[in-house]
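A short write-up of the structure that comes next.
The values are calculated or read from the model by the stated rules, or taken from the named source; none is laboratory data. Computed from a predicted model, the values in this text were never measured in an experiment. Cβ sites come from the backbone with ideal geometry, for glycine too, and all protein chains shown count toward neighbours. SASA here: full protein model, heavy atoms, side chains in, ligands and nucleic acids out. Shrake-Rupley method; radii C 1.70, N 1.55, O 1.52, S 1.80 Å.
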Amino acid sequence: QVQLVESGGGLVQAGGSLTLSCAASGGIFLINAMGWYRQAPGKQRELVAAINRGGSTNYADSVKGRFTISRDNGKNTVYLQMNRLRPEDTAVYYCAADPTNPIHGGSWYYWGQGTQVTVSS
């Protein structure tokens, strides 16, 4: 069983930056893809960014050029560097992992508990 633990959320002013981290433990050999989703109040959960073991990435159009996803396979950790944050980026951010490669869509098997990101105007 894979466990995912997110960290790095918080409150930031618009235009600021935050870096989220997600550490995987347990059956890490099962993981190919890792990604970040977010869910704002009253909205559906949406894919923000994803990366597979080979380094291929996918980003939501709304974050392209502002957010960067990366992973350290040795540390079993995925990062989301968020720059030029906007109030509309406010959401709970969830880490996800999967043995397959759903970085362009599809279901993810493992999920973290989420971390709140709040961007004030």
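Towards the positive end of the charge dipole of the chain, with charges on Cβ (+1 Lys, Arg; -1 Asp, Glu), say which of Gln116, Asn101, Asn58 has the farthest Cα.
Asn58
Two decimals is fine: what is log10 I(q)/I(0) at q = 0.13, 0.29 Å⁻¹ for segment 5-69, from a Debye sum with one equal scatterer on every Cα and no solvent?
So the normalised log intensities are -0.43, -1.44.
Net charge around Tyr93, counting only other residues with Cβ within less than 11 Å of its Cβ (Lys, Arg = +1; Asp, Glu = -1)?
That works out to -1.
Add +1 for every Lys or Arg and -1 for every Asp or Glu among the other residues with Cβ under 10 Å from the Cβ of Ala23, and state the total.
That sum, taken over residues with Cβ under 10 Å, equals -1.
Hey, any idea what % of the chain's accessible area is carbon plus sulfur with a 1.4 Å probe?
C and S fraction of accessible area: 48 percent.
Would you mind working out the accessible area per residue for the chain, using a 1.4 Å probe, and quoting it in Å²?
Here the per-residue accessible area is 50 Å².
Given charges of +1 on the Cβ of Lys and Arg and -1 on the Cβ of Asp and Glu, with all other atoms neutral, how large is the dipole of the chain about its Cα centre, in debye to the nearest 20?
That gives the chain a dipole magnitude of about 140 debye.
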